[in-house]
Every structure is written in C-alpha cells, then in structure tokens.
Amino acid sequence: MTLRVGVIGTGMIGQDHIRRITQVLCGAEITAVTDTNPEVTQQVAARLKKATVHTTGQDLIADENVDAVLVASWGPTHEEYVLAGIAAGKPVFCEKPLATTQLACRAIMAAEVAAGRRLVQVGFMRRYDHTYRELKGVIDAGTIGAPLMYYSGHRNPGVPDHYTKDMAIVDTAVHDFDVTRWLLGEELAGVRVLAPKRNRHGGDLQDPLLMILETASGVLVTVETSVNIRYGYDIRGEVVGEDGTAALADRAPVVLRRAGTVSGTVPADWRQRFMTAYDNELQDWIDAVCAGDGATGPSSWDGYAAQMVCDAALRALYSGEHVPVELIDKPSIYA
Ligand code: NAP
C-alpha cells in the first residue's frame, strides 16, 4: 500500500516533510497540498508528480485521494484541521504544537476517545533521535539507578527578529519538556522560571532562561534555553542517577587533535542536528498508518501534557512564582 498524504501548510517544515516523503522515505506519496499562500503552494505542487492544490484545509481533508493528513500550518490552525481529520476518520500527523490552548487539546483528545482509537501523532521528533534513544535505554535498564536529576540544555546560535520571550517556552523549551517526560516516564508536576543576566546578542529579549521543574515523583529537572549563543546548535542532556550519570555525547563525527588542541564541530542548526530524527518519526507514522494502527508515536496526550507545562511555565515566567502543572486523568486510549 502507498499511503496518499495531503499536506496542510507548505511553509518551511511542510516543504521539508514533503521532501523527505518524496525523496527519502518509503510507503507514501503526496497527493494534495494547501496553504494560505497560493503562490508557494503552486510552486510546491509543480515539483510533485500528481498533487491536487486545494483552496482550504477542509477541502484537502475531504479529498478521496487523501488517506492521511500532515498538518504543518501555523500553530493556532492545528486544532481545526486535527479535529476535521479525526471526524473524517483519517490519521493525522500534526507538527507541534498539537494546539495552542488546553481546551483545544482536550477537544482533540475527546474526539479521539469518541472515535475509539488513536488517529493523531504529534511532531515531537526528539524521541526518534538515536542519541536520546540510547539515553532512554540506559535509564530504563536501571544502569545508573533511579534518576534523581535531569539537565536539558537547548542552545541555539541565533533566532529570527520575530522571536519573542514566550517563544523561548512554547517553541523552544516545549521540546525539552516533551523529551523529559518521555525519558523519565512520568509527568512534570510544577515549574519555576528564572531570568538570568541577558545575553547582549539578544537585544531586548530575555535570553537565556533557566526553568526548574519537578516530576510527580520528585525528580528535579533544569531546562536551559540559550537562543543567541552564537557557537552552534547544541543540545545537552544529562541524568544524575543513584549510582551514576548518563549524558548525551557530543555530536561531532570526528574529534580533531592538532597543535595542542582537541576539537570537534557543533551542528549549525536544528535541521542538521535532528535530520534523521525527522526522517525516523515520519517513517514510523507512515508504517503505523499503513499497518492500520492509526498512530503509535507521540500522542494527543503528549501534546496536551506539553502544552500544560508550557502554560504553567509562561505563568511562572511572568509571576516569578512556582506554578503547578495540573493534568486531567489520562484517557485509557493513551495508556
Ligand atoms: P512557516 O514557514 O510559517 O509555514 C507555515 C505555513 O502555513 C505558511 O506558509 C502559512 O502561510 C501556512 N498557513 C498558515 N495558516 C494556514 C491555514 N489556515 N491553512 C493552510 N496553511 C496555513 O512555519 P514553519 O516553521 O513551517 O512551522 C509550521 C509548524 O511547524 C508550526 O506549528 C511550528 O511550530 C512547527 N515546527 C516544528 C518543528 C519541530 O522541530 N518539530 C520545527 C519547525 C516548525 P502564510 O505564510 O501565508 O501565513
């Protein structure tokens, strides 16, 4: 079976996912595209073998030549398209965020529960990165005993002019929140946000941020976002356990020793760092849908839980207070 995918949103990540589905992965083809920018959509469609250009996302979802929907439009539009996909009984891969409010996330979960099965996968691609998978393997095997603390560093050489204070949490740290929940296998229960001295490269932006979170069992988690740090895109992660520590290794493919120095390269950006993770997550989605499973990767519950941590972190940022993360009971389809 070749999965016929319709893509809503043909901007930066939408085009990148189209490239990987048509040139890198197997088992799927792009049969429809839509975007609010018709010129871009026409250009994208012209590069595809046979893709219908739709005026709206709703038309694309209704297209009988679309088996599954990939949502890569602007975040606030995700709710509408994910709900329409579920209503049509079509599996949906939704780029993060699942939705931008907790009510919208809950509406999506309620729709999936009513449908009686999972139909949605959320684009938390770090779970498909092999270094994170190795780290999770070490934690789950009990090699370092029970985790007590986890540090997650998210360093970016620079950000566009439109990047805001809130985006450090909802666009950047959201990946750290999700991967922390996944690595530790439990929910984040509360958060405090500290604002250190500002990086002069960030202008008026409050950068960096340091977030201190705790899990339901009391593991202490620190998340650092430094988004103007110039030297490269550097993702750090270290677990301190009862018997040892486990950390993501440096990513340089080659370590150079020369003229009294030891050096290695740092990835230039997130595309380079997580290229294969994006490939793996979409292949996993295609395989699950083709196998009739709907979705097996990061779920609507994961999208909801990450959004709740973001909401709490934003409140903590502006209040200076510790803010609890209060989740509803997890529906059994996400167990
Ligand atoms: P982008 O380049 O701005 O592309 C988004 C596209 O969606 C734009 O062409 C936009 O058109 C279009 N659009 C907006 N509203 C729409 C609607 N109602 N129906 C159809 N198309 C619509 O943004 P991006 O960087 O690709 O990000 C898209 C999504 O992917 C965001 O949710 C972002 O958070 C997520 N993302 C995730 C990752 C990750 O690491 N997992 C990385 C990057 C992005 P206009 O320009 O006309 O508004």
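The values are calculated or read from the model by the stated rules, or taken from the named source; none is laboratory data. Here the structure is a predicted model, which is why all the values come from computation and not from measurement. In this analysis, Cβ positions are derived from the backbone assuming ideal geometry, glycine residues included, and neighbour counts consider all displayed protein chains. These area figures cover heavy atoms from the full protein model, side chains too; ligands, DNA and RNA do not enter into them. Shrake-Rupley method; radii C 1.70, N 1.55, O 1.52, S 1.80 Å.
The condition (being over 21 Å from the mean Cα position of the chain (by Cα) and modelled with pLDDT of 95 or more) is satisfied by just one residue among S319, S226: S319. Candidates are the residues of the range 209-228 that are open to solvent by less than 70 Å² (accessible area, probe 1.4 Å) and out of contact with any helix residue (DSSP H, G or I) (no Cβ under 8 Å at 6 or more places or on another chain); the one that is farthest from Y150 (Cα to Cα) is S226. Within the range 272-283, residues that are open to solvent by 10 Å² or more (accessible area, probe 1.4 Å) reach partners that are assigned to a helix (DSSP H, G or I) and of a type in the set (V, I, T) with beta carbons closer than 8 Å, at six or more positions or on different chains, in the pairs D279/V24. Total residues in the range 89-113 satisfying the condition of being more than 16 Å from the ligand (Cβ to nearest atom) and in contact (Cβ under 8 Å) with a residue 60 or more places away in the chain: the figure is 6. Here G137, G116, G145 are screened, and the one residue that is without any contact (Cβ under 8 Å) to a residue 12 or more places away in the chain and either open to solvent by 40 Å² or more (accessible area, probe 1.4 Å) or of a type outside the set (V, I, T) (or both) is G137. Here the range 1-38 is the region considered, the condition is being of a type in the set (S, T, Y) and more than 13 Å from the ligand (Cβ to nearest atom), and the residue that is least open to solvent (accessible area, probe 1.4 Å) is T31.
Of all residues in the range 125-132, one or more are at pLDDT 95 or above, surrounded by 16 or more Cβ atoms within 10 Å (Cβ to Cβ), within 28 Å of I286 (Cβ to Cβ) and among the aliphatic types (A, V, I, L, M). Here I286 clears all of (1) of a type in the set (V, I, T); (2) assigned to a loop (DSSP other than H, G, I, E, B); (3) open to solvent by less than 60 Å² (accessible area, probe 1.4 Å) except the condition numbered (2). Of everything in the range 72-122, what is of a type in the set (G, A, S) and not in a loop (DSSP other than H, G, I, E, B)? Give them in sequence order. Residues satisfying the conditions are G75, A84, G85, A87, A104, A107, A110, A111, A114, A115. Against the criterion of being more than 16 Å from the ligand (Cβ to nearest atom), touching a residue at least 12 places away in the same chain (Cβ under 8 Å), among the small types (G, A, S) and not assigned by TED's automatic domain parsing to the domain that holds H17, A252 qualifies. Every test in (1) surrounded by fewer than 21 Cβ atoms within 10 Å (Cβ to Cβ); (2) within 22 Å of the chain's Cα centre (by Cα); (3) away from the ligand (no atom under 11 Å from the Cβ) is passed by P76 save one, and that test is (3). For the range 229-271, a tally of residues being aliphatic (A, V, I, L, M), closer than 17 Å to V179 by Cβ, crowded, with 17+ Cβ neighbours inside 10 Å and under 22 Å from the mean Cα position of the chain (by Cα) returns 3. Tell me yes or no: at least one residue of the range 160-169 is open to solvent by 10 Å² or more (accessible area, probe 1.4 Å) and among the polar types (S, T, N, Q). Within the range 160-169 (the criterion being open to solvent by 10 Å² or more (accessible area, probe 1.4 Å) and among the polar types (S, T, N, Q)), the answer is yes, since at least one residue qualifies. Within the range 298-335, the set of residues being out of contact with any helix residue (DSSP H, G or I) (no Cβ under 8 Å at 6 or more places or on another chain), outside any loop (DSSP other than H, G, I, E, B) and not aromatic (F, W, Y) comprises A312, R315, A316, S319, S332.
For the range 4-36, enumerate the residues that are of a type in the set (D, E, K, R) and assigned to a strand (DSSP E or B). Listed by number, the residues that qualify are R4, E29. Inside the range 39-71, residues that are within 13 Å of the ligand (Cβ to nearest atom) and either outside any loop (DSSP other than H, G, I, E, B) or loosely packed, with under 15 Cβ neighbours inside 10 Å (or both) make up a count of 17. The lone criterion from (1) touching a residue at least 40 places away in the same chain (Cβ under 8 Å); (2) open to solvent by less than 40 Å² (accessible area, probe 1.4 Å); (3) not aliphatic (A, V, I, L, M) left unmet by N199 is number (1).
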